[in-house]
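Take a look at the structure set out below.
The values are calculated or read from the model by the stated rules, or taken from the named source; none is laboratory data. Bear in mind the structure is a predicted one, so any value in this text is a computation, not a measurement. Ideal geometry is used to build each Cβ from the backbone, glycine not excepted, and the neighbour counts take in all protein chains shown. Note: accessible area is taken over every heavy atom of the protein model, side chains too, but ligands, DNA and RNA are not part of it. Shrake-Rupley method; radii C 1.70, N 1.55, O 1.52, S 1.80 Å.
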Amino acid sequence: MAKTETFPFRYTLYALSLTGFIVSLLASTIWGGWFYVVPVLLGGLAATGTWDLLQRKRTVSRNYPILAHFRYFLESIGPEIRQYFIQSDTDERPFSREQRTIVYQRAKNVLDKRPFGSQLGMYDEGFEWINHSLQPSALKDADFRIVIGKQCAKPYNASVFNISAMSFGSLSANAILSLNAGAKMGNFYHDTGEGSISRYHREPGGDLVWEIGSGYFGCRNEDGTFNEERFARNAALDQVKMIEVKLSQGAKPGHGGILPGEKVTPEIAEARGVEAGKDVVSPASHSAFSTPREFLEFLEKLRELSGGKPVGFKLAIGHPWEWFAIVKAMLETGKTPDFIVVDGGEGGTGAAPLEFINRIGTPMTEALLLVHNTLVGTNLREHIAIGAAGKITSAFNIARTLALGADWCNAARGYMFSLGCIQALSCHTGKCPSGVATQDPRRSQKLDVQDKSQRVYNYHKNTLEALMNLLEASGLKHPSELGPEHIIRRTSRTETHSYMDLFPFLEPGALLEGETGERVFDTYWPNATPDSFDPPEFIRQLRETKLR
């Protein structure tokens, strides 16, 4: 290929820098003094351009010496530019400015009213609202609660809005202190996350739900298997109100993890029951059980070892037959959890592969409906409470989730916003600008625990007061009265439907009586077995061929 004879315009800045360096260097010998700054600056640019031309890793830099660095810089601040200057107040990527602002305002206990009218497109497909009543109710307070584990020796009277699982290690010490102190003030619970109970969870004294993942942190042997004695010791703490076994989480279901040794500080090692400075593995699956029956036996054991505290599990819905297998095991053994937390695929995390964040895990609406309908269809719903999590930040988010079948809601990122998180999307770097998701003490120590714990309390309080206002406008007396008939969704510019019409809701006992008319149940329920999580025979056969 013939080379062009003209001087490439893209080299102009480099050529000017090189020429300017030589000229200014000669001039500085005459003028001296402060003028030496000029050749230093131009020399730096010229050296950068020379390096760009000689290096072989970045083609853009070789083709655009010096200029390419402006491109890299602008690319690095692209998320900030979009967030602050381009996105509208209602663009949800991942949370809109409007969603974040309402949390900030309620956390700071400042005016959260809006002028002039809604910015939402009320005639856009997907717009939702709650119907009001001509006979509004009048409620005395917003301290809405749900009893979990009614049959347990130590049932728990939980708030309908709590802090979802976030481990110490993912969040800073001051963030954990602030969350738990806020939960203490507001009398709601704080889920520990699978990183177990740290000194920072215990210090404020707020209610805890102890989450136990596949790594059995806080209750493990040296080889990573479950240790009954250590579990019983932690479960006996007065602060621990419930035990939650994590089967999977919405942001990265079916994905284990490794915490590198350099991140395993003495404090993290103390909480997790591991050795400081050594890699810690969280397997993708549990070692304490391998079948649905064994899983329910494990839950029974935990309830006994905890002295009768409510025991349940959290899961993101994947293969429906695996969930059905657990329910069939409940029916055959008579052993049931006290609660189930449904984690939607839109859940957040500090770090996960892109494909897991975007494409794995059933979103909360469909997952919650499947769990709720399965329990209703097997006459188990009245015995098992359901919590749900997935981008819940406002009172309407809570209302629509309860209308779909949940008894209470959890939120993680909403409470992070109340701590001052600015959605910088740097959780995985350790450089969180707000000191929330980092273990860098130079950053995290700037987070004032006294101030932020008050904001956590305010956010919870003001959000539930907003929920109370919605209930009053709807003529209801408690969130438990919310049902699919109350939430309306626009399906086109000229059509709207209530959740009751849009989504399937099984009649009590329908799954026990035979066909339901719903494909997911009629296809997978008959083929699920309480003895195994393995796929049904017809699924195994499909996996062996492309002829379908």
| query | Short version: what are the Cα gyration tensor semi-axes of the chain, square root of 5 times each eigenvalue, largest first, in whole Å? | reply | 48, 29, 27
| request: Describe numerically, in nm with one decimal, the distance between label points set 7 Å from Cα along Cα→Cβ at L13 and at E465. | output: 5.2 nm
| Full-extension gain in nm, I77 to H428, via 0.36 nm per residue minus C-alpha separation | 124.7 nm
| Among the lysines, which have Cα under 23 Å from the Cα of K57 when same-chain residues fewer than 8 positions away are ignored? | K3
| query | Do the alpha carbons of any pairs in K184/K241; K150/K241; K391/K431 sit beyond 19 Å of each other, and which pairs? | reply | K391/K431
| message | Applying a 10 Å radius around every beta-carbon, put 42-50, 393-401 in order of their mean neighbour count, most first. | response | 393-401, 42-50
| said: If you count only protein heavy atoms with a 1.4 Å probe, what accessible area per residue comes out for the chain, rounded to a whole Å²? | reply: 50 Å²
| message | Using the alpha carbons of the range 6-85, what is the convex hull volume per residue in cubic angstrom, as a whole number? | response | 126 Å³
| Where a label projected 7 Å from the Cα of T265 along Cα→Cβ would reach, residues of the range 188-214 with amide N under 19 Å | 192-204
| Close Lys-Lys pairs in the range 276-378, where close means Cα under 26 Å and separation is 8 or more or interchain | 8
| query | In nm, to one decimal, how far is the N109 label point from the V147 one, both placed 7 Å along Cα→Cβ? | reply | 3.3 nm
| query | Can you give the convex hull volume per residue for the Cα atoms of the range 469-510, as a whole number of Å³? | reply | 83 Å³
| message | Net charge within 14 Å of A107 by Cβ-Cβ distance, Lys/Arg positive one each and Asp/Glu negative one each, not counting A107 itself? | response | +3
| For the peptides 183-191, 256-264, what is the packing order when you average, over each peptide's residues, the other Cβ atoms within 10 Å and list the highest mean first? | 183-191, 256-264
| field | Antiparallel DSSP beta bridges within the chain, percent to nearest 5 | value | 35 percent
| field | Virtual paramagnetic centre 7 Å along Cα→Cβ of D451, amide N under 19 Å, in the range 401-435 | value | 415-424, 432-435
| query | Nearest 20 debye, what's the magnitude of the dipole of the range 469-541 about its Cα centre given +1 on Lys and Arg Cβ and -1 on Asp and Glu Cβ? | reply | 460 debye
| task | Please give, to one decimal in nm, the separation of the simple spin-label points placed at R543 and I258, each 7 Å out from Cα toward the Cβ. | result | 2.6 nm
| query | Which three semi-axes in whole Å describe the equivalent ellipsoid of the range 129-179, each the square root of 5 times a Cα gyration tensor eigenvalue, listed largest first? | reply | 32, 20, 11
| request: Using a 1.4 Å probe over the heavy atoms of the protein chains, calculate the carbon and sulfur portion of the accessible area of the chain as a whole percent. | output: 54 percent
